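The values are calculated or read from the model by the stated rules, or taken from the named source; none is laboratory data. Bear in mind the structure is a predicted one, so any value in this text is a computation, not a measurement. Cβ placement follows ideal geometry from the backbone for every residue including glycine, while neighbour counts extend to all protein chains displayed. The accessibility values were calculated without ligands, DNA or RNA, using every heavy atom of the protein model including side chains. Shrake-Rupley method; radii C 1.70, N 1.55, O 1.52, S 1.80 Å.
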Amino acid sequence: MTIVIGIESTAHTFGVGVVKNGKVLANVREMYTTEEGGIIPMDSAKHHEEVSEEIYLKAIKESGIAENKIDAIAFSQSPGLAPCLIEGMKFAKVLSKRLNKPLVSVNHCVAHLEIGSSLGTNDPVMLYASGANTQVIAYEAGKYRVFGETLDLGVGNFIDTFARFAGLGFPGGPKIEQLALKSKRYIELPYKVKGMDIALAGIQTNLKQKLEKGIPIEDLAYSMQETVFAMLIETAERAMAHTGKTELLLGGGVACNSRLQEMAKIMCEERGAKLFVPERPLLVDNGAMIAYLGEIMFNAGVKTEVEDLDSVDIDPRLRTDQIDVVWK
Ligand code: AMP
Ligand code: MG
């Protein structure tokens, strides 16, 4: 029997999850938000520092476990905003010392992928569509490989920037989704798939110009979703065709979008593949997925003992395909 705590702090969310033998017992999180403008890394880090102990205690309470039964502390070590990652790591080290239990350094993107197995995925292609990250990832020949990705903006940041430009506030994704429901008028936008990758900056400029020319925001919201989500689904489908994999898993905040989910469903039905969409608490950034992967790694012997904590550091820019996968 193993019990692992997971700490998530890569960007705006501070989360603590508790997993016991692959089962999520608690998943508590709190998000740093701003009235206007995007995320300020130092402020978000400060938020994480302020709420960490409280969120941890809530998670312990929710899980019903005794602290002395915890076997390891997992934390998001990569990739993310450096000040935010540091707060998570600091808190993880405090816990590790306090409980005298080892630390497990987890990659955030891989955690989004691996939590899929709690829903029944076996070997999926993941479309990871979040604020900062937009990648198609799958495990192939001993590594987590990036089959396609955005060449410039993350799709969530792309949507948020346009929404902010249109005066909709932050985060823009849910608001754009609501506006898109009010239109069926498709306005031609650039469609930018380059090989397996996508590019969004040009579409951003085009959308802003069209808004300034007076095209209704509803029509632009609708057209943007139809265009950009089709680009995401196309690259995900190519990765499935290339690898021969028959499961698609969604991950990241943008994957909360019903239209994106619908397009994914249609694509999977057409090719006889199975779609997995985690419930929202496991789709967005969360501590449970960190604990979940942390437990798998811990059971494979991947850990840092309390005496060696100084050797552990964050890795803000680590790429998914650089990870040395020793636990599979
Ligand atoms: P994450 O970085 O994974 O926490 O996801 C945050 C991003 O998801 C933000 O850019 C949001 O605007 C976006 N988002 C959240 N809900 C939706 C939605 N329903 N449709 C599109 N984007 C969304
Ligand atoms: Mg994420």
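Values computed for the structure shown
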| item | result |
| --- | --- |
| Positions within segment 171-207 being acidic (Asp, Glu) and closer than 25 Å to His12 by Cα, in sequence order | Glu177 |
| Filter result for the condition that a residue is out of contact with any helix residue (DSSP H, G or I) (no Cβ under 8 Å at 6 or more places or on another chain) and either away from ligand 2 (no atom under 16 Å from the Cβ) or modelled with pLDDT of 95 or more (or both), over Leu168, Leu151 | Leu151 |
| Any hit, segment 59-70, residues being within 30 Å of Thr134 (Cβ to Cβ) and either in the same structural domain as Gly294 (by TED's automatic domain parsing) or modelled with pLDDT of 95 or more (or both) | yes |
| Scan of segment 181-205 for residues that are surrounded by fewer than 16 Cβ atoms within 10 Å (Cβ to Cβ), assigned to a loop (DSSP other than H, G, I, E, B) and not aliphatic (A, V, I, L, M), ordered by number | Lys182, Lys184, Arg185, Tyr186, Glu188, Pro190, Tyr191, Gly195 |
| Test for Glu295: is it open to solvent by less than 40 Å² (accessible area, probe 1.4 Å), among the charged types (D, E, K, R) and under 30 Å from Met1 (Cα atoms) | yes |
| Criterion (open to solvent by 50 Å² or more (accessible area, probe 1.4 Å), under 25 Å from Val24 (Cβ atoms) and not hydrophobic (A, V, I, L, M, F, W, C)) met by exactly one of Glu279, Glu237, Glu269 | Glu279 |
| Residue count, segment 106-143 (criterion: within 15 Å of ligand 2 (Cβ to nearest atom) and within 20 Å of Val254 (Cβ to Cβ)) | 22 |
| Residues of segment 240-253 satisfying the condition of being under 17 Å from Ile176 (Cβ atoms) and open to solvent by less than 10 Å² (accessible area, probe 1.4 Å) | Gly252 |
| Number of the exception - Val125 against (1) of a type in the set (Val, Ile, Thr); (2) within 16 Å of ligand 1 (Cβ to nearest atom); (3) more than 18 Å from Val24 (Cα to Cα) | (2) |
| Candidate set: segment 166-179, residues that are out of contact with any Lys or Arg (no Cβ under 7 Å at 6 or more places or on another chain) and of a type in the set (A, V, I, L, M, F, W, C); chosen: the one farthest from ligand 1 (Cβ to nearest atom) | Ala166 |
| Matching option when the condition is part of a helix (DSSP H, G or I), surrounded by 15 or more Cβ atoms within 10 Å (Cβ to Cβ) and under 19 Å from the mean Cα position of the chain (by Cα), among Ala221, Ala264 | Ala264 |
| Those residues of segment 206-218 which are open to solvent by 20 Å² or more (accessible area, probe 1.4 Å) and either of a type outside the set (Gly, Ala, Ser) or in a helix (DSSP H, G or I) (or both), in sequence order | Asn206, Lys208, Gln209, Lys210, Leu211, Glu212, Lys213, Ile215, Pro216, Ile217, Glu218 |
| Odd one out for Lys97, checked against (1) assigned to a helix (DSSP H, G or I); (2) assigned by TED's automatic domain parsing to the domain that holds Ala199 | (2) |
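A quick yes/no check of all residues on (1) crowded, with 24+ Cβ neighbours inside 10 Å; (2) basic (Lys, Arg); (3) modelled with pLDDT of 95 or more:
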position: Glu35; (1), (2), (3): no, no, no
position: Glu50; (1), (2), (3): no, no, yes
position: Glu53; (1), (2), (3): no, no, yes
position: Phe75; (1), (2), (3): yes, no, yes
position: Leu81; (1), (2), (3): no, no, yes
